[in-house]
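Below is one structure, written out as structure tokens; the observations come after it.
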Amino acid sequence: MLSAQADRVMALGEWEERWREDQTGWHRPHVNKMLESNIDKVLDGRNGVKFFFPLCGKALDMKWLADMGHSVVGVEIAEKAIKQFFEESNMTYSEETVSALPGAKVYKSSERNISLYQCDLYSFSSAIEGQFGGIWDRGSLVAINPRDRQKYAALITSLMDKDCRYLLDTLLYNPEVYKGNNFSLRKNCDIELLQSLDALTDREKARGMDFFTEKVHLITLKTN
């Protein structure tokens, strides 16, 4: 399966252009159902969890978690997505440069504990915001370029606190039929499959796809 995806490369500028032209079919105008149905397993009885959102876009999930009393840090390359998130959520925000990340900006909510960094994901590190107790990855791991998978895994694990619970939403399909922008990956971690559902719709069928499965896993750091 992976060989069919090996040549799929998306430059940062292409993602920004998609946001500028509103070609954002991956965005959902509601809180993600997979997150809602599995949030108790992610929280594991904890309050005030610090969440990380890689390639956050303008996901409404961020406000949903912040409204519950958690803090949210996101990273997104497209400035338009960040500004739309705050504006569409009716939140005022500040805009600051980030001395530790040349060329980057951070947008902070005035009403909620939400900080969104506009920068290349791989320039972000634990030196900027420390480590996290929760990670919600919906569309990030599956969107990265295949050649960056090991780099991505190294970054995410470096951001995980010892009690971090990483909720990962992935898509399984036949890349020989549709190469798309979603890349599959197997990861050597402690993994628990929480949910699996048939996500094949007319949109996928129109692309010639014969199966399209959405799976959610809970990933934790190995203890040994």
Seminar exercise, completed: From the cross-link list Lys83/Lys151; Lys105/Lys222; Lys50/Lys105, the entries with a Cα-Cα span beyond 31 Å are Lys105/Lys222
Exercise. In percent, how large is the relative contact order of segment 69-150, given Cα pairs closer than 8 Å and 6 or more residues apart?
Worked result: 29 percent
For this session: Kindly rank 44-53, 66-75 from highest to lowest mean number of other beta carbons found within 10 Å of each residue.
Result: 66-75, 44-53
Problem set entry | Sites Ser125 and Thr97, calculated FRET efficiency, Cβ-Cβ separation with R0 25 Å, nearest 0.05 | 0.90
Seminar exercise, completed: With label points set 7 Å from each Cα along the Cα-to-Cβ direction at Lys215 and Asp163, the distance between them in nm comes to 2.9 nm
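Throughout, read-outs are computed from the coordinates displayed, never taken from laboratory work. Just so it is clear, the model here is predicted, and its values are computed rather than measured. Because the Cβ atoms are built from the backbone with ideal geometry, glycine has one as well, and the counts that use them run over all protein chains shown.
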